[in-house]
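Structure first, then comments.
The values are calculated or read from the model by the stated rules, or taken from the named source; none is laboratory data. Everything numeric in this text was worked out from a predicted model, so none of it was measured. Here the Cβ is made from the backbone with ideal geometry for all residues, glycine too, and neighbour counts use every protein chain on show. Note: areas computed on protein heavy atoms with side chains; ligands, DNA, RNA excluded. Shrake-Rupley method; radii C 1.70, N 1.55, O 1.52, S 1.80 Å.
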Amino acid sequence: MERQYVSVHALNRYIKAVLDNDMQLRTVYIRGEISNYRPHPSGHMYFTLKDDQTESSISAIMFASQARYLKFRLRDGMKVFITAQVSVFERAGRYQLYVRSMQEDGLGNLYLRFNELKQTLEKEGLFNAMHKKAIPVMPERLAILSAKQGAALQDVLRILHQRYPLVRRDIYPVPVQGRDAYKYIVETLRQVDQLGYSTILLVRGGGSIEDLWNFNEEALARCIYDLKTPIITGVGHETDFTLVDYVSDLRAPTPTAAAVAAVPSQKELLSHLENKIMQLSNVMRKTIYLEKQKLEQYTHSYVFTDPSRIFETKFMKLDNVHLKLNNYKIRIKQKSHYEMHKKVIQLNTLIKQKQLIETKNISNKQELLKNCFENYLKNKKTSFSYCIEKLDLLSPLKTLQRGYIISKKNDAIIKSVKDLHTDDTITLVYADGEKEVIVK
């Protein structure tokens, strides 16, 4: 078999495809130590993540789009928790981590709690897409839960007014940070859920994991899962993920994005409406033009220019029909006389044939009736004799003549020895008479 050689690039691309399609490697949570940190002028961060116990290491990169959200400065020797994807850098043939978010190891306990809760709720099906409700395309009323003085709320209101000022916006101020803030959010959500809103928006600006921890509380996640009203969450920045984001009907990366997802664009709706009006106008103009052409054709038709031509044709057809009708009457009259004469002759012939047949059949019928009656009597006699023979065979007298007897006690036939007792008087019936005997 001939060997097939592939290029290095093809091999690297194949390995990259295998890793990218592995669901276990798309999102990994790793704890390690930063080493060989190399910041790039573009904002990208290159470094190596080491395991301080086994000295294992792996290359990593965090692009500028994610690195700009870091709340701390990266340095060698720092222990961190990262969320990343494992993939391959094709050109160098090197597999590495593509980091999406990073936190200092000092917050490790919170991350452990987050991952434990996330796994528990995920196993229970709270994140399942089949339970998520559809977001209304054109909502009538929105309930907005956010900090009263927060910048996130102002951004949401500004976007809603720009995109769709027709929607009614009701604000429900809630604490978004601090001890037990989630309890007030849960209570407010349950009340708002009963008021018939089209959509609920739960928004908050960015912050550290401690600042956002209220949105990782199990009670709040379960409350959102039980809501009857569709809910959109926009908590933190793009790289910030909380439990409410996983359980909500729609997760927006920012509060502004939540506002965009909640309502349609008025400009886009007006543009769409104008396009539909233009299409309708074109259809109407085309229809009117075609109908006008038809009307002109009808106007120049001889039906309107010389209507007498219609009647001339009809009169000619009427004359032809009248002529055909007269000819038909004459033919019918002639044919009827001939048919009547022919039928009279046929009738006389049939009468003569009938009389002849009846004369011949009388004698034949008498002979046939006599034979049928004799056969009937013969069959009945044979059947009667057969029945007598069967009846005679079944007669109990025949049985008695063969030496059998019938025993009776008080005129009842005795069928078992158990019916007899000592000194009982019984009657024995023979073929030629009866005798009474006493049982000993």
Of the conditions (1) crowded, with 16+ Cβ neighbours inside 10 Å; (2) out of contact with any helix residue (DSSP H, G or I) (no Cβ under 8 Å at 6 or more places or on another chain); (3) part of a helix (DSSP H, G or I), Ala152 clears all except one; give me its number.
(2)
Hey, among Thr359, Thr349, Thr382, which residue is modelled with pLDDT under 70, in a helix (DSSP H, G or I) and among the hydroxyl-bearing types (Ser, Thr, Tyr)?
Thr359
Members of the range 173-206 that are open to solvent by 60 Å² or more (accessible area, probe 1.4 Å) and either small (Gly, Ala, Ser) or over 16 Å from Arg222 (Cα atoms) (or both):
Pro173, Gln177, Arg179, Gln194, Leu195
So for the range 156-172 (the condition being assigned to a loop (DSSP other than H, G, I, E, B), farther than 21 Å from Ala129 by Cα, more than 38 Å from the chain's Cα centre (by Cα) and polar (S, T, N, Q)), does at least one residue qualify?
no
When you scan the range 244-263, do you find a residue that is open to solvent by 70 Å² or more (accessible area, probe 1.4 Å), of a type in the set (Lys, Arg) and under 28 Å from Arg158 (Cβ atoms), even just one?
no
Could you tell me whether the range 85-102 includes any residue that is of a type in the set (A, V, I, L, M, F, W, C), closer than 30 Å to Ile171 by Cα and buried (at least 18 other Cβ atoms within 10 Å of the Cβ)?
no
In the range 413-440, anything surrounded by 10 or more Cβ atoms within 10 Å (Cβ to Cβ) and either small (Gly, Ala, Ser) or outside any strand (DSSP E or B) (or both) is listed as Ile414, Asp419, Leu420, Asp424, Ala431, Val439
Considering residues that are of a type in the set (Lys, Arg), free of Cβ contacts under 8 Å to residues at least 24 places away in the same chain and either crowded, with 18+ Cβ neighbours inside 10 Å or within 20 Å of Leu110 (Cβ to Cβ) (or both), the number found within the range 44-84 is 1
Filter pass, Ile310 being in a helix (DSSP H, G or I), surrounded by 10 or more Cβ atoms within 10 Å (Cβ to Cβ) and modelled with pLDDT under 80
yes
Residues of the range 216-263 classified as touching a residue at least 12 places away in the same chain (Cβ under 8 Å) and in a helix (DSSP H, G or I), total:
22
Qualifying residues in the range 1-43 (those that are among the acidic types (Asp, Glu) and either closer than 19 Å to Ala60 by Cα or at pLDDT 85 or above (or both)) - the one most open to solvent (accessible area, probe 1.4 Å)
Asp22
From the list Ser35, Ser59, Ser65, Ser42, which one is out of contact with any strand residue (DSSP E or B) (no Cβ under 9 Å at 6 or more places or on another chain) and either under 20 Å from Phe241 (Cβ atoms) or in a strand (DSSP E or B) (or both)?
Ser65
Among residues of the range 122-137 being in contact (Cβ under 8 Å) with a residue 40 or more places away in the chain and touching a helix residue (DSSP H, G or I) at 6+ places or on another chain (Cβ under 8 Å), the residue least open to solvent (accessible area, probe 1.4 Å) is Leu126
Reported set for the range 223-243 where residues are more than 25 Å from Arg141 (Cβ to Cβ), open to solvent by 10 Å² or more (accessible area, probe 1.4 Å) and out of contact with any strand residue (DSSP E or B) (no Cβ under 6 Å at 6 or more places or on another chain) is His237, Glu238, Asp240, Phe241
